[in-house]
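Report on one structure; see the data block that follows.
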Amino acid sequence: MTISYTKEKKVGEGTYAVVYLGKQLPSERNIAVKEIKVGTFKDGVDMSAIREVKYLQELKHQNVIELVDVFDEEGNINLVLEFLPMDLEIIIKDTSLLFQPGDVKSWMLMTLRGLHHCHRNFILHRDLKPNNLLISPDGELKIADFGLARSLSQPNERLTSNVVTRWYRAPELLFGARHYTEVIDVWAVGIIFAELMLRTPYLPGKDDADQLTVTFQALGTPTDKTWPGVSTLPLYKSLHVYPEPSRAELLNRFGAASEEALNLMIAMTRMDPNKRCSTEEALTCKYFTEYPPPTKPINLPMKTQKKRESEEDYESNKR
Amino acid sequence: MTSSDSTNQEETPQPEKHSKQITNDDLYRRSTQFRFWSFTEQRLKDLKRSTNEKGAANLKERISQLDPSIPEVSEIWEKDLVKPLTVEEEVKIVEYYARKAQGLANYFKLPTQSRATAISFFRKFFLVNSCIQFHPQYIMYTCLFLAAKSDNHFIGIKEFSKAIPKTTPESILQYEFQILQSLKFALLCHHPYKPLYGFFLDFQVEMKNNIQSDKLAELYDHARDKVSEALFSDVSFLFTPSQIALAAYYELNPELVTSYLSKKFSQLSTINEDEQLKPSPNIQTKLVDNLKHCIELSHASFDPEIEEVTQISRKVHYCIDPMKLVKKMQKQKAVS
């Protein structure tokens with residue numbers, strides 16, 4: 001029995017790939033096909049595709065997108081991925097949806113579980129943002145887009161700090177650090193946590209310089225006192241020193257947050273990477289065991305209109 | 001986890017256990033290196049044989065399809081002039097080019113890890129493909145290019161090809177997808193260098209009364225060489241990276257490793273309250289036997305002579321394109 005795939009509808013196009021919705025045959029399973037444009041790259045199979053394949057092959061987890069298959073078609077490499085019709089950005093932006101505290105907790109829990117699985121396999125994602133947290137039809141959140149991922153580095157390796165979409169970039173990256181660890185991903189999750197509560201991006205810098213200002217206005221400017229050695233990082237210049245926000249101020253900023261929710265967010269967004277919490281510490285914090293319990297994925301808010309659209313598509317396909 | 005567990009649960013229904021800890025061993029068993037590329041000795045032997053047989057069958061078919069009107073072709077048929085490589089010949093030529101890959105990786109100043117990845121890609125390719133169909137020289141170039149790209153040490157194809165005589169970007173890139181496919185798209189390799197360094201750090205803590213630090217540094221350097229040499233044997237298909245690393249130390253200093261293991265195992269049995277997590281009494285003997293076997297197999301590499309390889313290589317060329325032999329025979333006839 002040979003397995004084949006159809007590409008039925010183009011749903012997106014990026015710099016290195018075109019994404020189609022389709023089906024796996026003969027199982028009729030819905031899948032997404034990411035066709036990597038090979039022709040445009042003179043150095044063979046694109047680096048992002050290599051990374052995506054390399055890391056997804058190792059990461060089988062409920063909260064990480066599944067790489068179903070890889071095939072070659074007319075010299076183009078195609079990644080067959082789990083079909084995930086929604087992402088967290090769309091849900092956050094849909095103002096018709098109301099989030100309960102248990103909903104936010106559930107998304108955070110799923111994100112951190114998936115990320116913990118990456119980190120315990122020594123894999124850094126390096127591009128976490130709501131747009132890369134995809135949602136399955138039954139509400140499960142899955143981390144996707146491993147095009148920037150890499151293995152945890154050796155102490156002597158020099159890394160590029162030009163990773164992570166600007167708004168979710170940890171301060172050590174903003175300062176141009178050439179060595180960093182998995183807690184850059186924890187920072188991004190902390191910022192996503194804030195965004196889930198505020199329903200608007202927390203630190204929307206207009207450019208790299210503005211990102212520093214916005215970040216430190218909100219969370220205080222790090223100094224050698226609060227973060228030993230920070231002034232030795234390449235891009236650390238004499239900055240305006242904003243004070244660290246008081247707890248009362250943060251409580252005011254996040255009106256809906258419980259004390260424990262706030263503790264977790266503070267732990268995930270500590271300036272000094274050495275003091276920032278790990279995924280394990282985050283997952284075992286009190287926030288996840290206190291009332292209310294995390295909402296079951298199937299009961300989470302979904303963008304209704306989009307859902308109806310895809311159902312219609314499905315109906316019309318059947319006809 | 002064990003079978004006694006499940007029977008137990010049948011008798012007395014128990015709530016689902018949530019406390020099961022995922023160990024590092026569990027994580028390793030989920031890696032593609034373990035799932036796709038780890039074998040028993042017998043399985044590995046069978047795989048090499050079946051790959052060679054597939055290659056030979058493919059050659060037979062290609063020879064049978066040659067144009068019978070050419071007199072030299074019937075001569076080839078009658079005298080059986082294009083013979084497939086034996087398993088042993090395949091092993092030798094693969095090892096020869098694996099060593100070449102090492103030299104080339106050094107030329108491009110690739111770090112140890114990427115060099116090991118290139119060798120690993122190359123050896124895996126020829127576990128599932130035969131040299132009767134692919135000349136290892138060309139596959140080696142592409143494996144090195146791909147390994148550099150996959151391990152964050154990208155080299156542009158133009159620059160890469162320029163440094164290697166008689167190659168073009170196309171001649172290298174043409175095998176890329178086939179190699180990816182042969183590797184089952186499993187690109188993440190766990191090499192013994194990290195555990196080797198990990199043991200080095202742990203020795204400094206646990207064994208500081210047994211060995212001086214300068215001696216230990218020397219031991220580490222020599223063990224690194226052992227591990228690098230073991231890349232050309234089959235041990236990476238048969239043992240875990242930490243076993244290979246520990247075996248390298250054991251070979252150089254068995255007393256140190258023996259007392260280290262005794263210390264570690266006695267620590268394990270005191271810190272674990274859970275009876276199930278305590279090491280079984282004969283585990284240390286079993287582990288040491290395993291290390292000895294690993295040492296033995298790590299020496300089973302050939303480093304073949306150039307003359308022998310040249311001969312095998314000629315055979316490979318005729319296997320890949322039997323018409324080459326036809327042309328050579330025609331030329332010889334024309335001369336005489």
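In region B:90-240, what percent of the accessible surface is made up of carbon and sulfur (1.4 Å probe, ligands and nucleic acids excluded)?
Details: 3010 of 5990 Å².
Reported share for carbon and sulfur atoms: 50 percent.
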Averaged over the residues of A:148-160, the number of partner chain Cβ atoms within 10 Å of each residue's own Cβ comes to 2
Per-residue ellipticity at 222 nm attributable to helices in the protein assembly as shown (runs of n ≥ 4 DSSP H, -39500 (n - 2.57) apiece, nearest 500 deg cm²/dmol) works out to -16500 deg cm²/dmol
Accessible surface ranking that places the most exposed of A:66, B:61 first, with a 1.4 angstrom probe:
B:61, A:66
Could you grab the Rg to Rh ratio for region A:55-124? Cα atoms only, Kirkwood for Rh.
1.08
Averaged across the residues of B:155-165, what count of C-beta atoms belonging to other chains lies within 10 Å of each residue's C-beta?
1
To the nearest 10 square angstrom, how much accessible area does residue A:242 have with a 1.4 angstrom probe?
50
Peptide A:224-233 - average C-beta neighbours from other chains (10 Å radius)
0
For residue A:150, solvent-accessible area (1.4 Å; no DNA, RNA or ligand), Å²:
20
Loop GluC sites (Glu not before Pro), region B:238-315 (other Cβ atoms within 10 Å of the site Cβ: 12 or fewer; DSSP)
B:273, B:305
Which percent of the accessible heavy-atom area of chain A goes to carbon and sulfur, probe 1.4 angstrom?
51
Alpha-carbon centroids, region A:224-262 and region A:74-115: separation in whole Å:
28
Using Stokes-Einstein with the Kirkwood hydrodynamic radius over Cα pairs, what translational diffusion coefficient do you get for region A:1-57 at 20 °C and a viscosity of 1.002 mPa s, in µm²/s rounded to a whole number?
171
Provide the descending list of Cα extents for region B:39-188 along its principal axes, expressed in whole angstroms.
51, 39, 24
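Compute the length gained on full extension between residue A:28 and residue A:162: take 0.36 nm times their separation in residues and subtract their Cα-Cα distance, giving the result in nm to one decimal.
That pair, residue A:28 and residue A:162, stretches by 44.2 nm at full extension.
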Approximate spin-label separation residue B:271-residue B:286, in nm, with each point projected 7 Å along Cα-to-Cβ:
2.1
Using a 1.4 Å probe on the protein heavy atoms only, what accessible surface does residue B:158 show? Give it in Å² to the nearest 10.
150
Just to be sure I understand: of the beta bridges DSSP finds with both ends in the protein assembly as shown, what percent are antiparallel, rounded to 5?
95
Under 13 Å, Cβ to Cβ, from residue A:276 - net charge with Lys/Arg +1 and Asp/Glu -1
-4
Neighbourhood net charge (11 Å Cβ-Cβ; Lys/Arg +1, Asp/Glu -1) for residue B:132:
+2
What does the charge count near residue A:35 come to, summing +1 for each Lys or Arg and -1 for each Asp or Glu among other residues with Cβ under 9 Å from its Cβ?
+2
Solvent-accessible area per residue, Å², over chain B with all protein chains present [probe radius 1.4 Å]:
55
Specify the inter-centroid distance of region B:122-156 and region A:1-16, based on alpha-carbon positions, in whole Å.
28
Once you place label points 7 Å from the Cα toward the Cβ at residue A:199 and residue B:218, how far apart are they in nm?
7.2
Cα-derived Rg to Rh of the protein assembly as shown, Kirkwood definition
1.01
If you take the accessible area of A alone, add that of B alone, and subtract the area of the pair, what total do you get in Å², probe 1.4 Å, to the nearest 100?
2300
Placing each pseudo-label 7 Å from Cα in the direction of the beta carbon, residue A:72 and residue B:35 end up separated by a distance in nanometres of 2.2
For region A:86-299, what mean projected area does the convex hull of the alpha carbons give, in nm²?
11.6
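The values are calculated or read from the model by the stated rules, or taken from the named source; none is laboratory data. None of the values given here were measured: they were computed from a predicted structure. Here Cβ is always computed from backbone atoms with ideal geometry, including for glycine, and neighbour counts include all displayed protein chains. Just the protein is used for accessible areas: all its heavy atoms, side chains included, with ligands, DNA and RNA removed. Shrake-Rupley method; radii C 1.70, N 1.55, O 1.52, S 1.80 Å.
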